[in-house]
Amino acid sequence: MKYPLDKICVKSGILCPNCQRKVDMGIVAKYEIPIMKELMLLEDEMKELRKGEYVKSKILDGLVVVIVKGFENQEELEKIARRLSQRIRKKVKIVNMSGDRRRLVEQVIAPATLLGLNTLWLPDGSEEIIVRVPRSDQRFIIGHKKKLEELLTELLGRTTRIRFERF
């Protein structure tokens, strides 16, 4: 797997000036380093990890969301998430960043169901994305709603809001 930091730096815990600069600039957060280290250790056991690319991690109230690229098989991602969860002792969700907005949003809000994505054009020329979720799935999101909105805003590059609807 490709990582934004050097493997030697992550494994040793001592960052070279280049990697330290990435941490100082906010490209990589300090809490991501142990997650990358565990993924590197898992690579020896799970060969499917070698083909992907690590993008970012976010922590949402005890849930670790790991964003990767290059994985097509959802079952592989779930298997990797279970193993990583055992190692770091936190619930882990792995999201494959792809060009398909709808698929990306479905992965982030899972196990909630996505009813649809709407684009709202505002008078100032900006856009907002409205993620429509059934009210019956509200229990899956309600505790993390603000943080999920922030994560989706960062991933999609546009302000994102989650709306619960009856259907």
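Points to keep in mind about this one:
- When residues of the range 100-126 are limited to those that are loosely packed, with under 14 Cβ neighbours inside 10 Å and among the charged types (D, E, K, R), the one farthest from residue 164 (Cα to Cα): 124
- Search result, residues across the range 57-86 that are surrounded by fewer than 20 Cβ atoms within 10 Å (Cβ to Cβ), touching a residue at least 40 places away in the same chain (Cβ under 8 Å) and not hydrophobic (A, V, I, L, M, F, W, C): 61, 83
- Hits in the range 43-52 (condition: of a type in the set (A, V, I, L, M, F, W, C) and under 18 Å from the mean Cα position of the chain (by Cα)): 49
- Only one of the listed residues (36, 1) is aliphatic (A, V, I, L, M), touching a helix residue (DSSP H, G or I) at 6+ places or on another chain (Cβ under 6 Å) and within 30 Å of residue 146 (Cα to Cα). That residue is 36.
- Yes/no for residue 103 being under 18 Å from the mean Cα position of the chain (by Cα) and either of a type in the set (D, E, K, R) or in the same structural domain as residue 1 (by TED's automatic domain parsing) (or both): yes
- Pairs linking a residue in the range 98-127 that is β-branched (Val, Ile, Thr) to a residue that is surrounded by 15 or more Cβ atoms within 10 Å (Cβ to Cβ) and in a loop (DSSP other than H, G, I, E, B), with Cβ atoms under 8 Å and 6 or more positions apart or on different chains, are 105/114.
- Residues satisfying the stated conditions in the range 127-150, i.e. farther than 14 Å from residue 101 by Cβ and touching a strand residue (DSSP E or B) at 6+ places or on another chain (Cβ under 7 Å): 133, 134, 135, 138, 141, 144, 145, 147, 148, 149
- In summary, helices (runs of 4 or more DSSP H) completely within the range 1-58 and bearing 2 or more residues that are among the charged types (D, E, K, R) and over 24 Å from residue 91 (Cα atoms) occur at 17-25.
- Unique match (being within 24 Å of residue 23 (Cβ to Cβ), in a helix (DSSP H, G or I) and touching a strand residue (DSSP E or B) at 6+ places or on another chain (Cβ under 9 Å)) among 77, 104, 84: 84
The values are calculated or read from the model by the stated rules, or taken from the named source; none is laboratory data. The model shown is predicted, which means the values in this text are computed figures rather than measured ones. Every residue, glycine among them, receives a Cβ derived from its backbone with ideal geometry; neighbour counts consider all protein chains shown.
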